[in-house]
1. Taking region 71-87 only, how many residues are charged (D, E, K, R) and either surrounded by 10 or more Cβ atoms within 10 Å (Cβ to Cβ) or part of a loop (DSSP other than H, G, I, E, B) (or both)?
2. Out of region 2-12, which residues are surrounded by fewer than 10 Cβ atoms within 10 Å (Cβ to Cβ) and in a helix (DSSP H, G or I)?
3. Within region 14-68, how many residues are exposed (fewer than 10 other Cβ atoms within 10 Å of the Cβ) and not in a helix (DSSP H, G or I)?
Amino acid sequence: MRPLVPLVVISLIVSAMVLVLVRYESRLAFAQLHRLDTARDDLNVEYGRLLLERATWSLSQHVEQAAAERLSMKRPDEDAVVTLVVPGEARE
C-alpha cells in the first residue's frame, strides 16, 4: 500500500496542472470569442450603413442630380425622343 502513495501524489499534481492549463486555454478562447463577436457586430453595423447608402444613391432624383452636376447632362427635348417598338414584344 505504501508504494501507491507517491503514485497518487504525482497523479494529483499532474491532474492539477492539466486543470490549470485547460482553464487558461478556456479563458483565452472566451476572450477571442468576445473579440470576434465585437468584430461581427461592427461589421453588421457597417453593412447596414452601406445598404442605406446604396439605397440613397439609387434614388432616381439623386442619380438625375449627379448626372446634371458631374456630367453636365440634361433631359432631351420631348420632340428629340424616339420610341422604338420591337415586333412581337408586349408593350408595358
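Every read-out reported here was derived from the displayed coordinates using simple, explicitly stated rules and does not represent laboratory data. Since we're looking at a predicted model, the values are computed, not measured. Neighbour counts run over all protein chains shown; Cβ positions are idealised from the backbone, glycine included.
1. 3
2. The answer is Leu4, Val5, Pro6, Leu7, Val8.
3. The qualifying residues number 1.
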